[in-house]
Amino acid sequence: MNFTKTTEQSSKYEHLEQMSVADLLVNINNEDKTVPIAVAKALPQIEALVAVVVAKMKLGGRLFYIGAGTSGRLGIVDASECPPTFGVPFDLVNGIIAGGDKAIRRAVENAEDNTTQAWIDLQEQNISSNDVVIGIAASGTTPYVISGLERCKENNIATGCITCNEGSPLALTADYPVVVVVGPEFVTGSSRMKAGTAQKLVLNMISTASMIQLGKVKGNKMVDMQLSNEKLVDRGVKMIMEEIPVGYEKASELLKEFGSVRKAVENFQSK
């Protein structure tokens, strides 16, 4: 298949090693400014993907991200933030990286080229047709990710993708492709930069919009967040004070008694 891999095209900047630190930072920042514009063009695609994620979750399904390298790590970051932020079960949103958990910190040689492991990794999670699998790959050519989506489609599992190359094999494989064309990187081929930023923005949108649609936010507050440290407990107390007419001490007591902002407010209001 012939397609233009813009993520691999030569940087429009030359002689980076001759630039001052100030010039390097300004130029990187100027490139970064183009990313949200590229994401905006993909909003209809993101909307379609969120819709299927929400529909499947309402049926008891889960969301899986699969990727290699930076893409895999970004999926794991987004998945790991959902339980503390929205109070959902740890296995509702899952991140899987080529090479296994050890690849989170160190690259695993040839892991992204394996064409059978993704499906094995998904089967270990008891993947089913109630679930959605989103493949993340800036290039859109990662064998681990593409083969994983192909097997999902064979088993009637909805698939999406986040990639940065139009017409890539991954985009053509996914049922709900999200293609954010960010163009050449500041450092040629370093897709952890603009492409990685684009993927992070899209992941934020997918998980946050899905959780809001599932009722995990009230007003604009994370009423189901886990109270895992003093900062979050203090935030929770203040959220309760905004919702019901009590002082800090009483709000703190309610939060301690009921364990979440939502339950504290609902129990107070029901009396």
(request) Starting from the alpha-carbon convex hull of the stretch 97-169, give the projected area averaged over all orientations, in nm². (result) 4.8 nm²
(request) Go ahead and estimate [θ] at 222 nm for the chain from helices alone: -39,500 (n - 2.57) per DSSP H run with n ≥ 4, summed, over the residue count, rounded to 500. (result) -15000 deg cm²/dmol
(message) With a 1.4 Å probe and all protein chains left in place, how much accessible area per residue does the stretch 68-107 have, in Å²?
(response) 49 Å²
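Between their Cα atoms, which of Lys33/Lys56; Lys5/Lys216; Lys41/Lys216; Lys58/Lys221; Lys231/Lys271; Lys58/Lys256 are more than 32 Å away from each other?
Pairs exceeding the cut-off: Lys33/Lys56; Lys5/Lys216.
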(request) Once you have all Cα-Cα distances for the stretch 200-271, histogram them in 5 Å bins from zero and send the whole-percent values. (result) 3, 17, 27, 21, 15, 9, 5, 3, 0
(request) Take every Cα-Cα pair in the stretch 1-136 and report what % of them are more than 24 Å apart. (result) 48 percent
(message) Rounded to the nearest percent, how much of the accessible area of the stretch 38-89 (1.4 Å probe, protein heavy atoms only) is carbon and sulfur?
(response) 63 percent
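When the convex hull of the Cα atoms of the stretch 77-210 is projected onto a plane and the area is averaged over all directions, what value comes out in nm²?
8.2 nm²
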(request) Taking just the C-alpha trace of the stretch 127-271, give me its Rg and Dmax in Å. (result) 21.3, 63
(request) Sticking to Cα atoms, compute the Rg of the stretch 1-49 to one decimal and its Dmax as the biggest Cα-Cα distance, whole number, in Å. (result) 15.2, 45
(message) If you restrict to DSSP beta bridges whose two residues both lie in the chain, what percentage is antiparallel, to the nearest 5?
(response) 5 percent
(request) Please name which of Thr163, Leu43, Ser147 has its Cα lying farthest along the dipole of the chain towards the positive end, using unit charges on Cβ (Lys, Arg +1; Asp, Glu -1) and the Cα centre as origin. (result) Leu43
(request) Please get the size of the charge dipole for the stretch 171-271, origin at its Cα centre, with Cβ charges of +1 on Lys and Arg and -1 on Asp and Glu, quoted in debye to the nearest 20. (result) 80 debye
(request) Return the ratio Rg/(2.2 N^0.38 Å) for the chain, where Rg is computed over Cα atoms only. (result) 1.13
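The values are calculated or read from the model by the stated rules, or taken from the named source; none is laboratory data. Keep in mind it's a predicted model, so treat the numbers as computed, not measured. Glycine also receives a Cβ, built like all others from the backbone with ideal geometry; neighbour counts cover every protein chain displayed. Side chains are part of the model used for accessible areas, which takes the heavy atoms of the whole protein and leaves out ligands, DNA and RNA. Shrake-Rupley method; radii C 1.70, N 1.55, O 1.52, S 1.80 Å.
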